[in-house]
Amino acid sequence: MQKYLSQENFSTLLEKLIASGKRVVAPKLNAGTVLYEPLKNPAEIVIDRMPRRSGKEAFFPICEEIISYGKEGQKVTVTDIDPARFPETVLVGVRPCDAAAIPMLDAVFSWDYRDEFFLERRKKTTVVGMACTEADDACFCTAVGLSPGDPKGGDILLTQVEGGGYLCRAQSEKGEALVAAHAALFSEPDGHKSLPLAEPQTEKIDLQKVKKWLDTNFEHPDWDSIATRCVGCGACAFVCPACHCFDIVDEGTEKSGTRRKNWDACGFWKFTHHASGHNPRDLQPKRYRNRIMHKFKYYDDKFGQRLCTGCGRCIRLCPAGIDIAAIVEDISKK
Amino acid sequence: MCDHTNKNIYLPYLATVEEIIDETPDVRTLRLVFQDEKVRDSFNFRAGQFCEYSAFGAGESTFCIASSPTRKGYIECCFRSVGRVTEALRRLEAGETMGVRGPYGNSFPIEDFFGKNLVFVAGGIALPPLRTLIWNCLDLRDKFGEITIVYGARTEADMVYKRELKEWQERNDVRLVKTVDPGGNGSEWDGKVGFVPTVLEETAPLADNTIAFVCGPPIMIKFTLPVLEKLGFSDGKVYTTLENRMKCGLGKCGRCNVGNVYVCKDGPVFTAEQVKRMPMEF
Ligand SMILES: Cc1cc2nc3c(=O)[nH]c(=O)nc-3n(C[C@H](O)[C@H](O)[C@H](O)COP(=O)(O)OP(=O)(O)OC[C@H]3O[C@@H](n4cnc5c(N)ncnc54)[C@H](O)[C@@H]3O)c2cc1C
Ligand code: FES
């Protein structure tokens, strides 16, 4: 069911959500950079700039405490996390490429063992997506089978309309509940025309063919040239909406402290380094190969889809100018 | 087999260090008893599984469970001090507390080995993952045929579980062949001198109705597998364990994969046949 939400009512909606005690997370300026962060007031939302990092950190923070411990004399106590840590949240203005990554992460954090840190937040969060009206050179969602108006992974999709305001489509129970709870702010959509959506300049890549090549070419001389420029900085994994590797470390002393999950990256040399000195991925091309393999083969083998939404952040940020879209497209033509 | 009852999958059980045994100057065994009685009763594992052991303030490390599931009331781990966590675990004294998450991973399908002969081949610090299985089998001795153990280390001092080697040597239902690398033999050495693959070839266990288990440094495994093949062992009858670096042990953190295989979930126990299908990433 589609509804119209005026610009003014959009602000009112955010205001009401904030006032109700919910955590409202949206793209917001932070020292010149747009990031998904909690809003203090509706005016802070920035919808015309792509956030620097993805929306995943609303569910999977960069650094997260998973236990705390303390020691008194010989006695050690370990404290579990207070579920109040996970407030009811509305994630607003999520790019379709970020929203589409959320179900990809659901699969990882819920198969077999369930990571409740991710899943509790997920349960308590309503995702309000926003269709893209502008794409830049790095955007390639259409190449990996998504689109600037793709509703995947969201509970509501907003599309900007001519003259201001949004068309609003709720596409899950959570989304409908949010609209129903603020029904007075919404009106009939008749007569409102959506702005033209962005048109990323990328051709659709035949991902089946990519997968097929990856299935049989773990060893191939091209890997050296594909990844030779990678400097192993890990920036691509950091900004990726779908990368989910993490480290587990203790911070504190023997007497007291916390254990944390921190984002990590398979591009780092230490990632696979053994105590014996042996390193299965001893060279950077092997680590970059793992990145491509994981996204376009391993994840697919396990969960039946790709681990890339074409957001283009890794392309924008790579200090060595590596373009994953071009690499994958090349592979599709091998 | 997996314990999903903990809501927080990263929450460790608390365990008391009950006994400390120095195996070599830098390898130590800790015998651990869970502090919560319920955990003590319910903690079930199979030979081959591993845990994440933690020293609070230093972090977690992955080791196999080195004791046998047939020995109840405690578990043991055996580790070499190589870094932050292992050194912190080494500083623990008897009576002190550490954390344990697990058991994780798959295990040796021991029921499939009933009625068969067993050959264990281990090198250096890699005896612990086989020691759990060896005791598991010895505690069910009449279910198996002949049991042969080939164990090698650089020098006698580098051998772990020395007291148990002695016990196995004295048993007449186990054939123990121990060896040290050339030059590693002291004047009182009563075993063989030579690298594990060579000694295994000389020992020449019959492949007929026999399962082989190999754990050791990558170089030892590399040279041992062809020897087993020569002796007539097919790849499906040879088991090993992989030790890719791990963090979560739960299939989440993305650390341990070899190709599309998650060693923490699909392993750490694999047949040589499975390993040979994997890309060289271990
Ligand atoms: C399934 C499995 C079973 C294992 N069983 C045993 C065992 O029974 N006994 C034993 O002594 N060791 C075992 N290991 C290896 C053991 O996990 C590492 O030696 C240990 O975690 C190093 O921890 P650390 O914090 O002291 O070292 P750190 O200070 O973290 O690092 C020291 C060095 O070790 C490397 N390292 C760190 N963590 C690991 C890791 N998990 N695996 C490999 N290298 C690592 C680092 O890159 C660094 O070079 C096993 C590993 C796996 C995956
Ligand atoms: S150790 Fe984390 S995924 Fe295997």
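We did not get these values from a lab; they are worked out from the coordinates using the rules stated. Keep in mind the model is a prediction, meaning the values are calculated, not measured. Note: ideal-geometry Cβ built from the backbone for every residue, glycine included; neighbour counts use all protein chains shown.
For the reader, a short list of remarks on this structure follows.
- Derived scalar couplings ³J(HN,Hα) [segment A:11-25; Karplus, 6.51 cos²θ - 1.76 cosθ + 1.60; whole Hz; x for Gly, Pro]: 4, 4, 4, 4, 4, 5, 4, 5, 5, 6, x, 6, 7, 10, 10
- Our summary gives segment B:13-104 a relative contact order of 38 percent, counting only alpha carbon pairs under 8 angstrom and 6 or more residues apart.
- In order through segment B:73-87: 3J(HN,Hα) via Karplus (6.51 cos²θ - 1.76 cosθ + 1.60), integer Hz, x for Gly, Pro: x, 7, 10, 10, 10, 9, 9, 9, 6, 10, x, 4, 6, 5, 6
- Rg/Rh for the protein assembly as shown (Cα atoms only, Rh after Kirkwood) is 1.04.
- For the peptides A:59-66, B:46-53, the ranking by mean Cβ contacts within 10 Å, running from highest to lowest, is B:46-53, A:59-66.
- Neighbour-count ranking [beta-carbon atoms within 10 angstrom, fewest first] of A:Met293, B:Met278, B:Met220: B:Met278, B:Met220, A:Met293
- Between B:Cys77 and B:Leu30, B:Leu32, B:Ala66, the built amide H atoms are under 5 Å apart, and every one of these is 5 or more places off in sequence or on another chain.
- Globularity index of chain A, i.e. its alpha-carbon radius of gyration over 2.2 N^0.38 Å: 1.07
- The orientation-averaged projection of the convex hull spanning the C-alpha atoms of segment B:110-241 amounts to 7.3 square nanometres.
- Note on chain A: helix-only mean residue ellipticity at 222 nm, from DSSP H runs of 4+ residues weighted -39500 (n - 2.57) and normalised by residue number, equals -8000 deg cm²/dmol.
- Segment B:30-100 and segment B:208-225 have Cα centres lying 26 Å from one another.
- The mean number of Cβ atoms from other chains found within 10 Å of a Cβ in peptide A:75-81 is 5, as a whole number.
- With a 10 Å cut-off around each Cβ of B:242-251, the average count of Cβ atoms from other chains is 5.
- Qualifying aspartates and glutamates (Cα of each under 20 Å from Cα of A:Lys211; at least 8 residues distant if same chain): A:Glu203, A:Glu219, A:Asp222, A:Asp224, A:Asp300, A:Asp301, A:Asp323, A:Glu329, A:Asp330, B:Glu281
- Each residue of segment A:77-89 is assigned a 3J(HN,Hα), and the resulting list reads 10, 10, 10, 6, 7, 6, x, 5, 4, 9, x, 4, 9 Hz, derived from the Karplus form 6.51 cos²θ - 1.76 cosθ + 1.60 (θ = phi - 60°), x at Gly and Pro.
- Sparse-neighbourhood loop sites, trypsin sites (Lys or Arg not before Pro) in segment A:200-262 - DSSP loop, at most 16 other Cβ within 10 angstrom: A:Lys204, A:Arg229, A:Lys255
- Partnerless cysteines, meaning none of the other Cys C-beta atoms lie under 4.7 Å away, in chain A: A:Cys63, A:Cys132, A:Cys139, A:Cys141, A:Cys168, A:Cys230, A:Cys233, A:Cys245, A:Cys266, A:Cys308, A:Cys318
- Fraction of the pair-distance distribution of segment B:1-137 above 27 Å, Cα-Cα pairs, percent: 18 percent
- Partners for B:Lys237 among aspartates and glutamates (Cα-Cα distance below 12 Å; same-chain residues under 8 apart left out): B:Asp112, B:Asp208, B:Glu229, B:Glu273
- For segment A:288-334: Kirkwood Rh in Å [reciprocal of mean 1/r, alpha carbons]: 11.3 Å
- Our summary gives chain B a relative contact order of 17 percent, counting only alpha carbon pairs under 8 angstrom and 6 or more residues apart.
- Whole-angstrom gap from segment B:241-282 to segment A:176-195, using each part's C-alpha centre: 50 Å
- Contact order, relative form, for segment A:2-332: 21 percent (alpha carbon pairs under 8 Å, 6 or more residues apart, mean separation divided by residue count).
- Gyration tensor (Cα) of chain B, equivalent ellipsoid semi-axes in angstrom: 29, 22, 19
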